[in-house]
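Below is one structure, written out as structure tokens; the observations come after it.
What follows is calculated from the coordinates using simple rules that are stated; it is not laboratory data. These numbers come from a predicted model, not from an experiment. Glycine gets a Cβ as well: all are built from the backbone with ideal geometry, and neighbour counts include every protein chain shown.
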Amino acid sequence: MPAVPLLHMSAARSPAVLVLIFCCAEALSMAGFALVPSLLPQFAEQWALSATEAGWLGGIFFLGYLLAVPLLVGLTDRVDARSIHLASAALTGLALAGFAAGAHGYALALAWWWLAGLGLAGTYMPGLKALTDRLPIARQSRGTAFYTATFGVGAGASYLWIELARALLPWRWLFAAAAVCAALSVALIWLGVAPLGSPGKNGVPRGRWRSVLGDRRTLAYCGGYFGHNWELFGFRAWLVAYVSWTHARSPDALTALPGLIAAAATFLAVPASILGNEGAQRWGRRRWLCSVMPLSAALALAVGLSADLSRALLVPLLLVYAASMNLDSAALTAGLLTETPHEKRGTALALYSSVGFIGALIGPVAFGLALDLFGRSLTAGWAAGFVSLACGVSFGRWAIGRSDRRPALGRV
């Protein structure tokens, strides 16, 4: 009986409170996001891993994401996305707890970390769908901006707390702490957000995948997100290594703690993403994206050619570049949502997220390949790595430029 008033209370929550609840839940569920990347050198030594094996351990997370996201996000057109988010956040907690208790070797670590990636697939975009389903149309774009920006908060906070705690706690306790945070995320959504009726009752077109794949605007946003993630995750994967390399060449107090620079760069995604969506709404989404994506590419090239600058100039340039690459993030996602008919949003988000995270896999690999080809210890190698990031976002700009100005297919 007490559950009924609770549902009425959560159903009546204001848009601002709903956005806050979903953003807090997102950040909590991402507490373990940086665990394996931050602890990879320790795992490689403990389990005697080759560089390739270590790379698979880091990348298996996004493989889990890619395999699960088309099914889980597409399913939100048929069932309330809240239920998918709840189940997936619980799965994230299980995976992190399993890693803490059962990862006694490389094979088990791969299995548990893959499962954690699957959990992210069911929380990030389904959480966005659950949020926008509950917001008035006029609030959806801005709510999307805050939610997508919170991904940067979650990632940055994950790097930061792990950097501060790993000297104090064994790594298994770090995974256990992140599992508790995932459980808190489940509790927050369960208690704070009321369920909705099944979207399937309103009728979902049987040919929705064909319709989405035939929509030129949707494909353009997918291509833009692919390029954005190529650049973003390539940069995040190699930033600490790059700062460490520059510090080894010329020690300086500003580069002595590369993990803090990486955390600061990640946190900058939040204001930049929100500002980007505001700019897109004011000056036009396509015009905004076609302006800021080339800016980000130019800054990537500038960073690549600036290894010999004084650290007082290089570090601010890195942070400016980190902010610039997020000026397109929320503008892309909000554009996809607001320009897609409601009954096809889950399917469109599934395609968008799948294509985007293929870029997230390619970006770090392309950067590493450039280093191998031109020399990991040489300025030319790192310059080539940043050129690869510029290539990624330039592809995204090209894709957006190919979008049609006509209304999206299926819209009135």
Answer in debye to the nearest 20: the dipole magnitude of region 267-347 about its Cα centre, from +1 Lys/Arg and -1 Asp/Glu charges placed on Cβ, is 160 debye
Segment Ser14-Leu40, length gained on full extension (0.36 nm per residue, minus Cα span): 5.1 nm
Cα pair count fraction exceeding 23 Å, expressed as % - region 254-342: 31 percent
For a quick check, take a GNM of the chain with Cα springs below 10 Å and name the residue from Ser29, Ser291, Ser50 with the largest mean-square fluctuation. Ser50
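Return a whole-number percent for the relative contact order of the chain, with Cα pairs under 8 Å and 6 or more residues apart as the contact set. Before the final figure, lay out each step's value.
Working: 693 pairs, mean separation 102.8, N = 412.
After rounding, I find 25 percent.
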Charge tally in the Cβ shell below 14 Å around Thr144, where Lys, Arg are +1 and Asp, Glu are -1, Thr144 excluded: +1
Quick one, can you get me the convex hull of the C-alpha atoms of region 268-412 expressed as volume per residue in Å³? 111 Å³
Only Lys, Arg, Asp and Glu count, each charged at its Cβ (+1, +1, -1, -1), so figure out the dipole size of region 307-403 about its Cα centre, rounded to 20 debye. 40 debye
Along the dipole axis of the chain (charges at Cβ: +1 for Lys and Arg, -1 for Asp and Glu; origin at the Cα centre), the most positive-end residue among Ser273, Phe33, Tyr106 is Ser273
Semi-axes in Å, largest first, for region 33-142 (Cα gyration tensor, √(5λ)) are 32, 13, 11
Modelled FRET efficiency - R0 35 Å, Trp398 with Leu319, Cβ distances, 0.05 increments: 0.85
Dipole-positive endmost among Ala360, Trp382, Gln42 within the chain (Cβ charges, Cα centre): Ala360
1/(1 + (r/R0)^6) with r = Cβ-Cβ of Leu168 and Leu108, R0 = 25 Å, i.e. FRET efficiency to nearest 0.05, evaluates to 0.50
Tell me what the chain gives for mean residue ellipticity at 222 nm when only DSSP H runs of n ≥ 4 count, each as -39,500 (n - 2.57), the sum divided by the residue total, rounded to 500 deg cm²/dmol. -27000 deg cm²/dmol
May I ask you to derive the relative contact order of region 353-393, considering only C-alpha pairs under 8 Å and at least 6 residues apart, and to give it as an integer percent? 36 percent
Work out from phi, with θ = phi - 60° and the Karplus expression 6.51 cos²θ - 1.76 cosθ + 1.60, the ³J(HN,Hα) of each residue of region 305-318, listed in order in whole Hz, and give x for Gly and Pro. 9, 10, 4, 8, 5, 5, 5, 5, 9, 5, 4, x, 5, 4
Would you be so kind as to identify which of Trp288, Ala182, Gly64 lies farthest towards the positive end of the dipole of the chain, taking Lys and Arg as +1 and Asp and Glu as -1 on Cβ and the Cα centre as origin? Trp288
If every Lys and Arg gets +1 and every Asp and Glu gets -1 at its Cβ, then about the Cα centre the chain yields a dipole, in debye to the nearest 20, of 1400 debye
Karplus-derived 3J(HN,Hα), 6.51/-1.76/1.60, for each residue of region 24-33, Hz, glycine and proline x: 5, 5, 4, 4, 5, 5, 9, 4, x, 3
Compute the Kirkwood hydrodynamic radius of region 180-335, taking the inverse of the mean of 1/r over all pairs of distinct Cα atoms, and give it in Å to one decimal. 18.4 Å
Can you give the relative contact order of region 50-146 as a percent, counting alpha carbon pairs under 8 Å and 6+ residues apart? 39 percent
Would you calculate the separation in nanometres between label points at Leu191 and Ile137, each defined as 7 Å from the Cα along the Cα-to-beta-carbon direction? 3.6 nm
Given all pairs of different Cα atoms, what value in angstroms does the Kirkwood hydrodynamic radius of the chain take? 21.6 Å
